[in-house]
Amino acid sequence: MEKMIEKILESAKCEILSSPSLKSVSDTRVKYLGKNGEFTAVMKNLKDVSAEQKPLVGKLVNDAKCVIEGLLSEREKTLFEKELENKIKSEAIDVTLPGKKSGFGSFHPITLVISEITDIFTGLGFSVTDGPEIETDKYNFEMLNIPKDHPARDMQDTFYITDDIVLRTQTSSMQIRTMLKEKPPLRIISPGKVYRSDFDSSHSPMFHQIEGLVVDKHITLCDLMGLLTEFAKKLFDKNTKTRFRPSYFPFTEPSVEVDVTCSECGGKGCSLCKGTGWMEILGAGIVNPKVLEGCGIDPNEYSALAFGLGIERTAIARYGISDMRIVFENDKRFLQNYR
Ligand code: PHE
């Protein structure tokens with residue numbers, strides 16, 4: 001019996017000391033001290049031992065168990081420390097490695113174009129206003145002479161929030177807001193985001209416009225043409241020409257669409273202007289007297305010119321960008337070209 005205990009103790013010692021991992025230590029614990037472990041088998045044989053020997057053998061078993069438990073704990077501690085040390089080593093940060101650079105920020109080309117255009121118009125005596133992107137149907141359409149069943153609503157695929165609230169499809173709502181709030185003479189521009197449910201290489205569901213409005217006595221189409229020609233020369237270069245094509249907007253009469261000579265080829269025709277030599281950047285016109293009247297301005301006393309400029313189109317013309325989608329991808333390699 002004693003020999004048997006000694007043998008078990010010996011082999012347990014060997015196994016514990018050579019245990020390579022915490023998992024194997026725990027397996028060893030089960031093997032020797034567990035319910036079906038080696039000592040349980042020994043205890044079962046205790047019935048063959050004489051009465052006076054029993055306490056002795058019992059003590060031997062208990063002592064052996066204690067020794068094994070002690071060895072197990074010690075081995076566990078050693079292995080735990082070793083594993084921790086390895087983990088610390090493997091996760092160590094080499095402070096001598098070069099760091100990741102975060103790079104310099106720069107303005108987005110859209111922001112740059114807005115600020116260039118704003119500078120030009122403020123230089124011409126315009127002030128800048130701002131308005132909500134979530135707009136009433138009344139200001140976005142109705143008061144701009146686009147009633148509910150008007151076919152012109154189809155020109156702009158609208159995101160409706162409710163029957164009466166929309167994501168503004170055009171900054172022209174700012175014409176109404178300005179005229180309702182302020183007395184003429186007025187000279188404002190209003191840059192901002194607009195939304196239409198369109199998405200392809202030349203349309204994004206969100207894009208930017210700058211609305212312009214001049215209300216004064218004796219404003220004519222000549223003023224509009226002179227103003228926009230001057231603007232184009234300032235934004236592109238002094239040789240830039242403008243072309244005014246008749247168009248239709250319910251809130252202006254007459255209405256025009258404005259092209260500028262392609263900034264890339266100077267009007268000869270290239271891939272950017274699709275060989276035409278021209279780039280369309282604006283819709284404009286003389287504000288419909290009905291709209292003035294609706295805002296409480298007497299059309300017999302005052303007249304107004306308005307224009308709406310597509311900022312992305314202008315940015316494309318200004319910087320020679322061929323696919324509009326890249327403007328919104330925010331790829332740093334693209335953005336870093338515009339500082
Ligand atoms: N709001 C028009 C559009 O988005 C542009 C425009 C503005 C036309 C002002 C005339 C006057 O297409």
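Nothing in this text is a laboratory measurement; each read-out follows from the coordinates by a stated rule. Note that the structure is predicted; figures quoted are calculated from it, not measured. Heads up, the Cβs are rebuilt from the backbone with ideal geometry, glycines too, and the neighbour counts pull from every protein chain shown.
From the alpha carbon centroid of the range 187-229 to that of the range 13-34 is 81 Å. At full extension, Q336 and S247 could sit 28.3 nm farther apart than now, given 0.36 nm per residue minus the alpha carbon distance. What is the local net charge at D323, summed over the other residues whose Cβ is closer than 14 Å to its Cβ (Lys, Arg +1; Asp, Glu -1)? It works out to a net charge of -1. Restriction of the GluC sites (Glu not before Pro) in the range 88-169 to DSSP coil positions whose beta-carbon has at most 16 other beta-carbons within 10 angstrom yields E91, E133. Stretched out straight at 0.36 nm per residue, the stretch from I326 to F159 would grow longer than its current Cα-Cα span by 57.8 nm.
When you work out D = kT/(6 pi eta Rh) for the range 2-90 at 10 °C and 1.306 mPa s, using the Kirkwood radius from C-alpha pairs as Rh and the Stokes-Einstein form, the result is 112 µm²/s. What the Cβ-Cβ distance of T78 and F104 gives, at R0 = 56 Å and to the nearest 0.05, is a FRET efficiency of 0.60. In a shell of Cβ-Cβ distance under 14 Å around K138, excluding K138 itself, what net charge do Lys and Arg (+1) and Asp and Glu (-1) give? The answer is -1. Calculated [222 nm] ellipticity per residue, helices only, for the chain: -12500 deg cm²/dmol; basis is -39500 (n - 2.57) per DSSP H run with n ≥ 4, divided by all residues, nearest 500.
Pairing the Cα long axis of helix 2-18 with the longest principal axis of the chain, what angle in degrees results, from 0 to 90 and rounded to the nearest 10? On a 0 to 90 degree scale, this one is about 30. Among K65, K241, K87, sorting on how many other beta-carbon atoms sit within 10 Å of each Cβ, with the fewest leading, yields K87, K241, K65. Only loop residues by DSSP count here, and only those with at most 10 other Cβ atoms within 10 Å; note down the chymotrypsin sites (Phe, Trp or Tyr not before Pro) in the range 1-80 that meet that. Passing sites in the range 1-80 do not exist. The GluC sites (Glu not before Pro) found in the range 1-85 that occupy coil by DSSP, while having at most 16 further C-beta atoms within 10 Å, are E52. Cα gyration tensor of the chain, axes a ≥ b ≥ c as square roots of the eigenvalues: rounded (a/c below 1.5), prolate (a/b > b/c) or oblate? Cα axes put the chain in the prolate bin. The range 44-122 and the range 253-289 have Cα centres separated by 66 Å.
Between K44 and K87, the distance separating the two model label sites (each 7 Å from Cα on the Cα→Cβ line) works out to 3.9 nm. By the rule of a second cysteine Cβ within less than 4.7 angstrom, the chain holds isolated cysteines at C14, C66, C222, C295. Taking the Cα centre of the chain as the origin, how large is its charge dipole in debye, to the nearest 20, when only Lys and Arg (+1) and Asp and Glu (-1) carry charge on their Cβ atoms? So the dipole magnitude of the chain works out to roughly 1160 debye.
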